[in-house]
Amino acid sequence: MENKKEKQNNLSQPSAVDLRARSPIVVVMGHIDHGKSTLLDYIRKTNVVDKEAGGITQNISAYEVLHKSGDGVEKKITFLDTPGHEAFSKMRERGTQTADIAILVVSAEDGVKPQTKEAWKIISENKIPVIVAINKIDKSDANIEKTKTELAENEIYLENYGGKIPYVEISAKTGTGVDDLLSLIPLIAEMEGFKGNPEETASGFVLEAHLDSKRGIVATLIIKNGSLTKGMTVVVLDAICSTRIIENYKGEAVDSATFSSPIRIFGFNKIPKVGSEFMAFKNKKDAEEYIENEDNLEHSEALPPLRGKVSGEEIKKIIPILLKADVAGTLEAIEKEINKITAQNAEFKIVGRGIGPICESDIKNISDSTNIIVIGFNVKGDKSAIEMAQNREIKISFFDIIYKMTEWLTEQMEKLRPRVETIETTGRAKIIRAFSRTKERQIVGGKVLEGKLAQSGTIKIMRREFEIGRGKIVNLEKTKVKTSIVEEGNEFGMMVESKIEIVAGDVIESFNVVQK
């Protein structure tokens, strides 16, 4: 069975007529804080990191750069920036499925980390050429040789280190080695022979999608083959859009775009599924016929519902969540994080989800829910929605950093989950002699078999391994001296308050009731 990368390449394969060299699409991957965004920032000469909440890239973006090679010729390279936080693994996977070449960024300070391994696995599975960029070589703690050794230990074999993977030592902060990295990309692209036919109608993949309050549903696309012009119709599964407005990655209006270009188009009838292939048609009729052909549609839901689980005979308490986010990829990543937050007797269930601001209809739909959590991620709430939520005592929580949201949700899970009372035995003792008894008080003597007995402790009275009653330790003595605790192996005398008469041979167990 062909993998998804092969399937997508076949779908976007240009015809052999009028083939031209196509500039490479490059995905930058690696562990969080290893410098992916800083590298792109240096290349683009803009500051993306400062614009990102918490300094973490949290949606997928595409950029074009021009690099002048040694012979003075400018060559275009398209970069995809993918999020580093582990929650965004699906978005990173889409990046490699769309890209032609991958750059794996590894810090010379930290070496190989979990997301480095995850990124390498995705790159390997998608079988795309890769360049390793060993970053942060300017740092005092940088150890390049150790980093190369760790890469080899994880079966990432660099040139001259037992393998054929090209690598460049760089400092994304100072720019050292970045020109060498950029010069290597067109060489690999030429060796791989990436081609496209500008005469065909455009096809490619959806990178991102969201609802713009002023301009409708917006999608970011990357063209892998063909050309797109104004007046064409774009189809993504059963979503359709006429290309009245086309913008390049800078947000500038353009009349047309061709292969390897990232673009934005506006006006889809529904939010297209990110990661899916798009096809362009010269007229709307052909596009509608394409949609009607069921063979062209992937029969899968972009956002499957979450269901409660039953563990043995215990049914977990369901804590409902309404979730709104700015873009589809972020929504997907947040759902993945929420699924990780579990308790023994409770779980979250997303009962409502969507792209765009929290609106009045969202609050109306959940008014009957108990203990519902409403989250807006990188979105705001309409004034009417906020007023309605306040009137109905529904709290709306807003976040722009995913790990802060997950920390908060973990706290909410702990607050809202049902408590279970558990009895913990703290000591066991055998009664050797029973003395006088008055009303509900009795003096007994015995020996601690396990644990310890404590003054004012609550006890079970056991006879032939069956509980016959309970009592409280009123007074406790060891060697005829009052004490607060008698430990294992020691004999004692005690006064017990109980309705049950204790006899020699009975066993008493001290215990605590703990809520878990």
Mind checking which pairs have a first residue in the range 177-202 that is in contact (Cβ under 8 Å) with a residue 40 or more places away in the chain and a second that is in a helix (DSSP H, G or I) and of a type outside the set (Phe, Trp, Tyr), Cβ under 8 Å, 6 or more apart or different chains?
Val178/Leu39; Val178/Ile43; Leu182/Ile43
Residue list for the range 477-497, restricted to those being in contact with a Gly (Cβ under 8 Å, 6 or more places away or on another chain) and under 19 Å from Arg441 (Cβ atoms)
Glu477, Lys480, Phe492, Gly493, Met494, Val496, Glu497
Here is a list of conditions, (1) modelled with pLDDT under 90; (2) surrounded by fewer than 24 Cβ atoms within 10 Å (Cβ to Cβ), and Val254 meets all of them except one; can you say which number that is?
(1)
Please specify each residue of the range 111-165 satisfying the condition of being touching a Ser or Thr at 6+ places or on another chain (Cβ under 6 Å), within 25 Å of Ile25 (Cα to Cα) and open to solvent by 20 Å² or more (accessible area, probe 1.4 Å).
Lys136
For the list (1) more than 30 Å from Leu19 (Cα to Cα); (2) modelled with pLDDT under 85; (3) touching a strand residue (DSSP E or B) at 6+ places or on another chain (Cβ under 6 Å), I need the number of the one condition that Val310 fails.
(3)
Every residue in the range 217-240 that is open to solvent by 10 Å² or more (accessible area, probe 1.4 Å), part of a strand (DSSP E or B) and without any contact (Cβ under 8 Å) to a residue 40 or more places away in the chain, please.
Ser227, Thr229
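Taking Thr57 as the residue in question, decide whether it is β-branched (Val, Ile, Thr), open to solvent by 20 Å² or more (accessible area, probe 1.4 Å), modelled with pLDDT under 60 and assigned to a loop (DSSP other than H, G, I, E, B). Outline the logic, then answer.
On the way: β-branched (Val, Ile, Thr): yes; open to solvent by 20 Å² or more (accessible area, probe 1.4 Å): no; modelled with pLDDT under 60: yes; assigned to a loop (DSSP other than H, G, I, E, B): yes.
No, not satisfied.
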I'm trying to understand the selection: among the residues of the range 15-41, which are within 22 Å of Asp100 (Cβ to Cβ), at pLDDT 85 or above, open to solvent by 10 Å² or more (accessible area, probe 1.4 Å) and not in a loop (DSSP other than H, G, I, E, B)?
Arg20, Ala21
Being surrounded by fewer than 14 Cβ atoms within 10 Å (Cβ to Cβ) and either touching a Phe, Trp or Tyr at 6+ places or on another chain (Cβ under 9 Å) or among the aliphatic types (A, V, I, L, M) (or both) is the filter here; which residues of the range 480-495 pass it?
Val481
Given the criteria modelled with pLDDT under 90 and surrounded by 15 or more Cβ atoms within 10 Å (Cβ to Cβ), does Gly329 qualify?
yes
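Residues that are part of a strand (DSSP E or B), open to solvent by less than 30 Å² (accessible area, probe 1.4 Å), over 29 Å from Ile358 (Cα atoms) and out of contact with any Phe, Trp or Tyr (no Cβ under 9 Å at 6 or more places or on another chain): does the range 185-202 have at least one? Walk me through how you get there before you give the answer.
Initially, the range 185-202 is screened for residues part of a strand (DSSP E or B), giving 195-196, 201.
Subset that is open to solvent by less than 30 Å² (accessible area, probe 1.4 Å): 196.
Within this subset, residues satisfying the condition of being over 29 Å from Ile358 (Cα atoms) are 196.
So of that shortlist, the ones also out of contact with any Phe, Trp or Tyr (no Cβ under 9 Å at 6 or more places or on another chain) come out as none.
The answer is no; no qualifying residue exists.
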Just to confirm my filter: which strands (runs of 3 or more DSSP E) fall fully inside the range 370-468 and include at least 1 residues that are open to solvent by 50 Å² or more (accessible area, probe 1.4 Å)?
396-399, 421-438, 441-454, 458-463
Looking only at the range 42-54, filter to residues that are assigned to a loop (DSSP other than H, G, I, E, B) and more than 22 Å from the chain's Cα centre (by Cα); which one of those is modelled with the highest pLDDT?
Lys45
Can you tell me how many residues in the range 65-82 are modelled with pLDDT of 80 or more, open to solvent by less than 40 Å² (accessible area, probe 1.4 Å) and out of contact with any Phe, Trp or Tyr (no Cβ under 6 Å at 6 or more places or on another chain)?
5
Could you tell me which residue of the range 248-290 is farthest from Leu80 (Cα to Cα), considering only residues that are over 27 Å from the mean Cα position of the chain (by Cα), of a type in the set (S, T, N, Q) and assigned to a loop (DSSP other than H, G, I, E, B)?
Asn283
Residues of the range 163-210 being within 30 Å of the chain's Cα centre (by Cα) and within 22 Å of Gly275 (Cβ to Cβ), in sequence order, are Ser203, Gly204, Phe205, Val206, Leu207, Glu208, Ala209, His210
Restricting attention to the range 241-251, and to residues there that are within 16 Å of Leu207 (Cα to Cα) and not aliphatic (A, V, I, L, M), which single residue is surrounded by the fewest Cβ atoms within 10 Å (Cβ to Cβ)?
Gly251
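The values are calculated or read from the model by the stated rules, or taken from the named source; none is laboratory data. Values in this document were obtained by computation on a predicted structure and should not be read as measured data. Cβ atoms come from the backbone with ideal geometry, glycine included; neighbour counts cover every protein chain shown. Quick note on the areas: whole protein, heavy atoms, side chains included, nothing else; ligands and nucleic acids left out. Shrake-Rupley method; radii C 1.70, N 1.55, O 1.52, S 1.80 Å.
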